[in-house]
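Reading through the C-alpha cells given below for one structure.
The values are calculated or read from the model by the stated rules, or taken from the named source; none is laboratory data. None of the values given here were measured: they were computed from a predicted structure. Glycine also receives a Cβ, built like all others from the backbone with ideal geometry; neighbour counts cover every protein chain displayed.
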Amino acid sequence: MRNVAAFFDIDGTLFRNSLMIQHFKKLIKYEVIDPVIWYNKIKPTYEEWEKRFGDFEHYLETLAKVYIEELKGVNKPYIEFIASQVINVNGDMVYKYSRDRIEWHKNQGHKVFFISGSPDFLVSKMAEKYGVTEYRGTTYLVDENENFTGQIIRMWDSENKQKTLDEFVKKYDVDLINSYAYGDTVGDLSMLKMVGNPIAINPNKEFLISIRNDEYLSNRVVIIVERKDVIYKLRANVEIL
C-alpha cells in the first residue's frame, strides 16, 4: 500500500511568524549583528508593514538580504547554538490548527514533511521538535572551516518546493491523490496543486487570488483562517473586502 503524506510549509503556516526573523533578533542579542544594521536597513520597512501601509513579504525580503550578507564569515556551530535558542523559546508559537493537524496525520500513520524557505539549521530543529518524517529548508553553504560563504540554495519558491516534493514522493512512495499540503503564500502553490487535499492557512491576498485563478485549486482547496480563539473554514470564493 502506498503512503499518504502531509507536506507543511512552516512560516505563516505552522509558525506564527518567521523563524528567520526570530533568529535575526537573537543574532543581534548575541552581538553577531550590529543593532545599527536593523535601524538603518530594516526598521523603516518593518514600520511600514507594522502600520499596514507596507507588505509583510517586502519586509521579509528586505530582512533576508541583510541576514544572508551578515552571516557571511560567521562560524556555523555558533549559529546552530543560537538557532537552538530560537526553537527553545519560540518553537511553540504555532497555529493550533496546524499543530493539531500534524498530530492527526502522525496518529493516522501518515508521513509528515516540512518544506520551508527558512534556513535549514532552523528547519531541522523544528522538524525534530515536531517529530516529522523528513524536512528541507534553504541551504546556507559553508567553506572548509564551517564558515558561511554567503551563498544559499533557496527553498522558498514554488519551483524548488515542487522539486523537493517530487523527491519525497519517489523516496517514500507517496499516494498524492490521498495526500495533503498546507501553505500560506504563492511559494506553496505547487505543493497544493500536486495533492488531492490542498489546505491554505491564513493565505495572503496574492495567494488567494492565485488559488481562485486555478481551476483545480479553486474547486478543491480548503481555506483555514485562525484569529484569536476562533478557527474559520472557508472556500475559495470567500468575499474579500
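Points worth noting:
- Test: GLU159 is modelled with pLDDT under 90, part of a helix (DSSP H, G or I) and surrounded by fewer than 18 Cβ atoms within 10 Å (Cβ to Cβ): yes
- Residues that are hydrophobic (A, V, I, L, M, F, W, C) and either without any contact (Cβ under 8 Å) to a residue 40 or more places away in the chain or not in a helix (DSSP H, G or I) (or both), drawn from region 178-199: ALA181, VAL186, LEU189, LEU192, MET194, VAL195, ILE199
- Single unsatisfied condition, ILE102 versus (1) closer than 15 Å to MET20 by Cβ; (2) within 17 Å of the chain's Cα centre (by Cα): (1)
- Only one entry of TYR232, TYR135, TYR140 meets the criterion of being modelled with pLDDT of 95 or more and either part of a helix (DSSP H, G or I) or under 17 Å from the mean Cα position of the chain (by Cα) (or both), and that entry is TYR135.
Residues checked against (1) charged (D, E, K, R); (2) assigned to a helix (DSSP H, G or I); (3) exposed (fewer than 14 other Cβ atoms within 10 Å of the Cβ); (4) under 19 Å from the mean Cα position of the chain (by Cα):
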site: ILE28; (1), (2), (3), (4): no, yes, no, no
site: GLU47; (1), (2), (3), (4): yes, yes, yes, no
site: GLY54; (1), (2), (3), (4): no, no, no, no
site: GLY73; (1), (2), (3), (4): no, no, yes, no
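- If the condition is being part of a helix (DSSP H, G or I), surrounded by 14 or more Cβ atoms within 10 Å (Cβ to Cβ) and among the aromatic types (Phe, Trp, Tyr), then region 98-132 contributes PHE121, TYR130.
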